[in-house]
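Read through the structure below, which is laid out as structure tokens, and then see the notes.
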Amino acid sequence: MGRRGKLEVKRIDDDGLRQVTFCKRRGTLLKKACELAVLCDDDVSLGLVVFSSTGKLAGDYCSPNTSWSELIQRYERERESTSSTQLHVQGRITNQNDDDHHQQQQVLVGVARLRQEIGHLEASLRRQTGEDLPSGVAELHDLEQQVESALGKVRQTKDELLNQQLGELHRKVQNLEDENNALLHMNADRQDRAAARGGPRQNSDWGRII
């Protein structure tokens, strides 16, 4: 025999066949509930209620280790606890979304402020280079003062650099003079030692730098 394919679960259109199927499956469902309670013993609390399409009670089962009232109370407690947990999680998600939205708004405000500052700096740079000059006399006067102030700072910085370079040159000249004097003294000492040994004394002016 060929292997049966997977049965497609869908509504049965025939009323009689649907009623027969309901009765069979109802009995099987109640039997499975009873077997599950026996297999798991006190580990589970099981309750099953089956109503027909007309709203009448068609069967019920409650595991022996509990009662319907205890089962309903436990169900209500668990449902309230689950609802509270869901509300708490939803509240945290909402707060997180609010925080994210607030941070996003702060970032957008910061970006807008930086763009505005960049625009001001670019306009100021164009004016200082002679482009996009203002048309008002007062604004031109302010720009002139800014340029003169900047020019004064440039000149001051240039003078400081020149003074530093001059100082460095003076130090180099002084070092060269010190080295020359040291060589002159060494040559004079050498001449004196040669004269003391009876040798001819040479003129020491050859090593003097004019």
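Results, tabulated for the structure shown:
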quantity	calculated
Of the trypsin sites (Lys or Arg not before Pro) in the range 5-55, those whose Cβ has at most 14 other Cβ within 10 Å and which sit in DSSP loop	K6, K10, R11
Cα-only Debye scattering, the chain: base-10 log of I(q)/I(0) at q = 0.08, 0.12 Å⁻¹	-0.75, -1.02
Alpha-carbon Rg with Dmax, taken over the range 15-66, Å	12.7, 40
Over the chain: helical MRE at 222 nm, DSSP H runs n ≥ 4 each giving -39500 (n - 2.57), nearest 500	-26000 deg cm²/dmol
Dipole magnitude of the chain about its Cα centre (Cβ charges: Lys, Arg +1; Asp, Glu -1), debye to nearest 20	1400
Extended-chain gain in nm, criterion 0.36 nm per residue less alpha-carbon gap, D142 and L166	5.0 nm
Length-normalised contact order of the chain in % [C-alpha pairs under 8 Å, at least 6 apart]	7
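Readers should treat all values here as calculations from the given coordinates under stated rules, not as data from a laboratory. Quick caveat, the model's predicted, so the values are computed rather than measured. Please note: Cβ atoms are built from the backbone with ideal geometry, for glycine as well, and neighbour counts cover all protein chains shown.
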